[in-house]
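Structure, as structure tokens:
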Amino acid sequence: MAMNPFERLKPPPKLKDIEDAAFRRASKAASSISYAKSPVYTARRREIARINALSDAVIAAVERCLEVAKAYMSAHEFYREVVSLYYKKDEIIENYRRLRGLIRVINNLRSYYVAQIKAASDDREMAEIRREAMGRIASVLKRRGDLIEYFREMHRFARGLPSIAFDSPLVVVAGPPNAGKSSLVRAISTAEPEVAEYPFTTKTLSIGHFTIDGHVVQIMDTPGLLDRPMEERNEIEKQAILALSLVADAMIYLFDPSPFMYYPLEVQARILREIEENFKKVAIIRVVNKVDIKAVDVDSLGYPDLIEISAVTGQGMDRLMARLKEVLEPVFSGKG
């Protein structure tokens, strides 16, 4: 079951935390080595241990950044598309390459200075070589501090995206603001919906789950995303919508006929037509919500297949669930 691949990753540490932890590890590694044979022999082992511990700690932290890039490259197309809205693919690959280069530099410095310490004849010379080694490793790390922060920010963004199981159907709920999208998700879900984020929305979205004939189905609302005319969106927002079209197996579009409707019905119908243009391969179920407080006649919409419900009272929900089962039957076969 493929979910958000960034959730399982630990966030890359801050540059300052990497430095502090690496120097602590170096000091601890040296103090753990007991005296043996002679002062020079013992000093050599301690100084080499310091350099190795520092190098290992820095490399381990850098590899945390590389894991973020690897997660992106192996992720489902949906996650790659959404992440790429903020972090361009070519930029991710280039920064990944530069951090791989940083690891090679650190290992080369380690090898060079360890060899220098092995060739040194007294403990003072060894200490001087070790100080130079640790200083240079810290310096090359700092020069790549922008890349550390880049992958920290990328991870923070990506791990907040909704966690979608691609082996289960996904139903997306769309409609104008205040149409009752989150209420419908709660009404259909068998448990409390999870909360996630999506780019360019000012609100969190909810992901719930329910079953049809033993098949688990995901249902997700889209506050701030599929709720207004396309001319009010910029190009990046339109790309975010297209990314969502990659994973939606079905959609419920909610009309709001209540006295508190955000847009008049004709604008709500125009939003639906624009969504249909972007989700041509997705079955869309047209639903009128809030029929318990309906203030306008929905017959003027001209849709003979409208399903009227109230997500609050439960009116019409059995008909909606029957329609969902009908629409998702082919999807069950394909994902089964």
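The values are calculated or read from the model by the stated rules, or taken from the named source; none is laboratory data. Given the structure is predicted, the values throughout are model-derived calculations rather than measurements. Positions of Cβ are backbone-derived with ideal geometry, glycine not excepted, and every protein chain shown enters the neighbour counts.
Among the criteria (1) touching a residue at least 40 places away in the same chain (Cβ under 8 Å); (2) under 28 Å from ALA295 (Cβ atoms); (3) touching a helix residue (DSSP H, G or I) at 6+ places or on another chain (Cβ under 8 Å), the one LEU265 does not fulfil is (1).
Rundown of residues vs (1) more than 30 Å from ALA165 (Cα to Cα); (2) in contact (Cβ under 8 Å) with a residue 60 or more places away in the chain; (3) surrounded by 15 or more Cβ atoms within 10 Å (Cβ to Cβ), yes/no style:
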{"position": "LYS10", "(1), (2), (3)": "no, no, no"}
{"position": "ALA29", "(1), (2), (3)": "yes, no, yes"}
{"position": "LYS37", "(1), (2), (3)": "yes, no, no"}
{"position": "ILE48", "(1), (2), (3)": "yes, yes, yes"}
{"position": "ILE51", "(1), (2), (3)": "yes, yes, yes"}
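Test SER55 against the criterion of being among the polar types (S, T, N, Q) and either buried (at least 18 other Cβ atoms within 10 Å of the Cβ) or assigned by TED's automatic domain parsing to the domain that holds ASN234 (or both), and give yes or no. It is true that SER55 is among the polar types (S, T, N, Q) and either buried (at least 18 other Cβ atoms within 10 Å of the Cβ) or assigned by TED's automatic domain parsing to the domain that holds ASN234 (or both). Scanning the range 108-124 for residues that are crowded, with 16+ Cβ neighbours inside 10 Å, more than 22 Å from ASP20 (Cα to Cα) and of a type in the set (D, E, K, R) yields one hit, ASP123.
Exactly one residue out of ARG156, ARG152, ARG143 is out of contact with any Asp or Glu (no Cβ under 8 Å at 6 or more places or on another chain), free of Cβ contacts under 8 Å to residues at least 24 places away in the same chain and among the charged types (D, E, K, R), and it is ARG143. Of the residues making up the range 164-197, those that are among the small types (Gly, Ala, Ser) and more than 12 Å from HIS209 (Cα to Cα) are ALA174, GLY175, ALA179, GLY180, SER182, SER183, ALA196. Where helices (runs of 4 or more DSSP H) fall entirely within the range 220-336, those with at least 1 residues that are touching a Lys or Arg at 6+ places or on another chain (Cβ under 7 Å) are at 265-278.
Suppose the filter is modelled with pLDDT under 95 and not aromatic (Phe, Trp, Tyr); does SER74 pass it? Criteria not met by SER74.
Of all the listed residues (ALA311, ALA283, ALA322), the sole one being assigned by TED's automatic domain parsing to the domain that holds HIS215 and either buried (at least 20 other Cβ atoms within 10 Å of the Cβ) or among the charged types (D, E, K, R) (or both) is ALA311.
For the structure I just gave you, tell me whether GLU128 is in a helix (DSSP H, G or I), assigned by TED's automatic domain parsing to the domain that holds ASP20 and without any contact (Cβ under 8 Å) to a residue 24 or more places away in the chain. Spelling it out, GLU128 is indeed in a helix (DSSP H, G or I), assigned by TED's automatic domain parsing to the domain that holds ASP20 and without any contact (Cβ under 8 Å) to a residue 24 or more places away in the chain.
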